[in-house]
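Enquirer: Please find one structure pasted underneath; my questions will follow.
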Amino acid sequence: MKILLGIQGTGNGHLSRCSALAEALQQHAVEVDYLVSGRPQELLFDMQAFPQWQWRKGLSFAVKNGQIDLLQTLKSNNWRQFWHDVNTLDLSPYDLIVTDYEPVVAWAAKRQGKRCIGVGRQYAFYQPTKTLHLPRFYNKLIKFFAPVSDVVGMHWVKDGQHTLPPIVHHRSEPSDVESDHYLVYLPFESLLTVHRLLAQFPQYRFSVFHSEAKRQRLAGIDYYPPSRQRFAELFMQAEGVISNAGFETSSEALAYGKKLLVRPLAGQFEQVANARCLATLGLATQLEHLSEAGLRHWFANGEAQQCYWPDVASAVAQWLATGATTPVDELSRQLWKQSEQTDLRSLLRSDYGLLRSHV
C-alpha cells in the first residue's frame, strides 16, 4: 500500500494534525509520501514527522491588518504555476490519495480520475450540519478549493455522519498548570498590536508565539518564534489560550481543559464559523475585536471547558492502511461512541473523587 498525503501548509494546525497522522501511519506496513504547499519552503519548520516530503507553491490567502484581502489574494497567487503543478503531478504510483485541504493533490486527483479522501476541518462543511453554517458562496468556494471524492470532516461535537472528533497531536508530557499564565497565538495580528494590548495586564504572565518574534522578554512578556515543540511545552503549563479561531489550536485547548478566548480572522469564513460555533456551544469566549475591556472581562469571567475524544489519529491511520473500505459514517459512529464512553468514564471518576472528598 502506497499513500500520498497532501498537507495545506498555510496554517500550523494542518501540519500539527498531519504530524499526528503521520506518526500513527508509521505503525502500519504502508509507504507514505507527503506533499506540502501554501507556505514558502524556507518558512516550514519541525518537519521531522514527514520523512518523504515534497513541496509545491500551492495557494494561500493574503492577510492585511488581521483580515483576508480578497483582491490581493487573487493577485498574489501564481495561478499558472498552480495549474502546471496540478497537471504534472503523477499519481499513478499511489494506491490511495489523501489531502488535508491541500489543493494541488486534490485537483491532480480530480483531473486524473483518482479517488481522493479529504481529511480535516474544512471537510466538515461539505455536508449540512446543525452547528456549522456558511453562506452559500463560501460553501461552494470551500468545495472548489480542494475537491475530493470522499469526505472525512472533523468537529468538536457529534454533528453529521461525515464528521469525526478532532485529531489532537499530543506533543508534550502533561505538567502542572501555572495560574494566571496564558499562551497567546495570534499569527494574523501585528506583533506590535499584540504587545500593546498585553502590556496593559502586567499581573498576568504571557507566552507569545509569532512569526515576527524572536526569543526575548519585553515588558515582562515572553516572546517566541514559531516552534511546535516549545509551543506544546508552554501550552501544557498555561491556564488559558488566546488565539485566532483555528480548529487545531482550539481542539488542543478543549482536549486539555484550557480556558479559551478566540478572535476569528476577519473575512476568513471558516474561522468566523468556528468562533460562532464555539461561543454557541459554550466552549469558548469569542471576541470580534481585540480590546482591553474584552480581555479584562474574559480574565475575570471566562471558564475552562474540556472535551473527551479518543485517539482519532490511530483510528484514521488504521482505516487508511486497510484501504479505507469501511464507510465513513460507520467510522464516525464508532469514534463518537468511544468519545461518549470516554466522557462518561471521566465524569464517573470526577463524581467518585468528589464523593470521597465529602466522606
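Enquirer: Taking the stretch 297-339 as the search range and keeping residues that are touching a Pro at 6+ places or on another chain (Cβ under 8 Å) and among the aliphatic types (A, V, I, L, M), which one is nearest to ALA29 (Cα to Cα)?
Expert: The qualifying residue nearest to ALA29 (Cα to Cα) is VAL312.
Enquirer: Quick check: anything in the stretch 51-58 under 24 Å from ALA313 (Cβ atoms), touching a residue at least 40 places away in the same chain (Cβ under 8 Å), touching an Asp or Glu at 6+ places or on another chain (Cβ under 8 Å) and polar (S, T, N, Q)?
Expert: no
Enquirer: Which residue is surrounded by the most Cβ atoms within 10 Å (Cβ to Cβ), if the candidates are limited to the stretch 96-140 and must be touching a residue at least 60 places away in the same chain (Cβ under 8 Å) and part of a helix (DSSP H, G or I)?
Expert: VAL105
Enquirer: Where residues in the stretch 70-84 are without any contact (Cβ under 8 Å) to a residue 60 or more places away in the chain and within 25 Å of the chain's Cα centre (by Cα), which of them is farthest from ALA146 (Cα to Cα)?
Expert: GLN72
Enquirer: For the stretch 1-89, give me every one of the helices (runs of 4 or more DSSP H) that falls completely inside it and has 2 or more residues that are over 22 Å from ARG228 (Cα atoms), open to solvent by 80 Å² or more (accessible area, probe 1.4 Å) and at pLDDT 95 or above.
Expert: Where helices (runs of 4 or more DSSP H) fall fully within the stretch 1-89 and carry at least 2 residues being over 22 Å from ARG228 (Cα atoms), open to solvent by 80 Å² or more (accessible area, probe 1.4 Å) and at pLDDT 95 or above, they are 79-88.
Enquirer: Here is a check on your reading of the model: is SER251 over 24 Å from VAL157 (Cβ atoms) and small (Gly, Ala, Ser)? Full working, then the answer.
Expert: Working: over 24 Å from VAL157 (Cβ atoms): no; small (Gly, Ala, Ser): yes.
No: the conditions fail for SER251.
Enquirer: Could you tell me which numbered condition PRO174 fails, if it satisfies all but one of (1) open to solvent by less than 10 Å² (accessible area, probe 1.4 Å); (2) out of contact with any His (no Cβ under 6 Å at 6 or more places or on another chain)?
Expert: With respect to (1) open to solvent by less than 10 Å² (accessible area, probe 1.4 Å); (2) out of contact with any His (no Cβ under 6 Å at 6 or more places or on another chain), PRO174 is out only on (1).
Enquirer: Does the stretch 167-215 hold any residues that are more than 18 Å from LEU290 (Cβ to Cβ) and either of a type in the set (Ser, Thr, Tyr) or touching a Lys or Arg at 6+ places or on another chain (Cβ under 8 Å) (or both), and which are they?
Expert: ILE167, HIS169, ARG171, SER172, SER175, GLU178, SER179, ASP180, HIS181
Enquirer: Still on this model: Regarding GLU288, is this residue in a loop (DSSP other than H, G, I, E, B) and acidic (Asp, Glu)?
Expert: yes
Enquirer: Please go through the stretch 277-302 and give me each residue that is in contact with a strand residue (DSSP E or B) (Cβ under 7 Å, 6 or more places away or on another chain) and surrounded by fewer than 18 Cβ atoms within 10 Å (Cβ to Cβ), ordered by number.
Expert: ALA279, GLY302
Conditions (1) more than 23 Å from the chain's Cα centre (by Cα); (2) without any contact (Cβ under 8 Å) to a residue 40 or more places away in the chain; (3) not in a loop (DSSP other than H, G, I, E, B), marked per residue:
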{"residue": "ALA279", "(1), (2), (3)": "no, yes, yes"}
{"residue": "PHE299", "(1), (2), (3)": "yes, no, yes"}
{"residue": "ALA313", "(1), (2), (3)": "no, no, yes"}
{"residue": "VAL316", "(1), (2), (3)": "no, no, yes"}
{"residue": "LEU320", "(1), (2), (3)": "no, no, yes"}
{"residue": "GLY323", "(1), (2), (3)": "yes, no, no"}
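Enquirer: Same structure, new question: Any idea which of (1) open to solvent by 80 Å² or more (accessible area, probe 1.4 Å); (2) closer than 25 Å to GLU248 by Cα is the one SER92 doesn't satisfy?
Expert: (2)
Enquirer: Under 8 Å between Cβ atoms, at least 6 apart or on separate chains: pull out the pairs that start in the stretch 15-37 with a residue that is hydroxyl-bearing (Ser, Thr, Tyr) and end on any residue that is surrounded by fewer than 16 Cβ atoms within 10 Å (Cβ to Cβ) and at pLDDT below 95.
Expert: TYR34/GLN52
The values are calculated or read from the model by the stated rules, or taken from the named source; none is laboratory data. Computed from a predicted structure; not experimentally measured. Glycine gets a Cβ as well: all are built from the backbone with ideal geometry, and neighbour counts include every protein chain shown. Quick note on the areas: whole protein, heavy atoms, side chains included, nothing else; ligands and nucleic acids left out. Shrake-Rupley method; radii C 1.70, N 1.55, O 1.52, S 1.80 Å.
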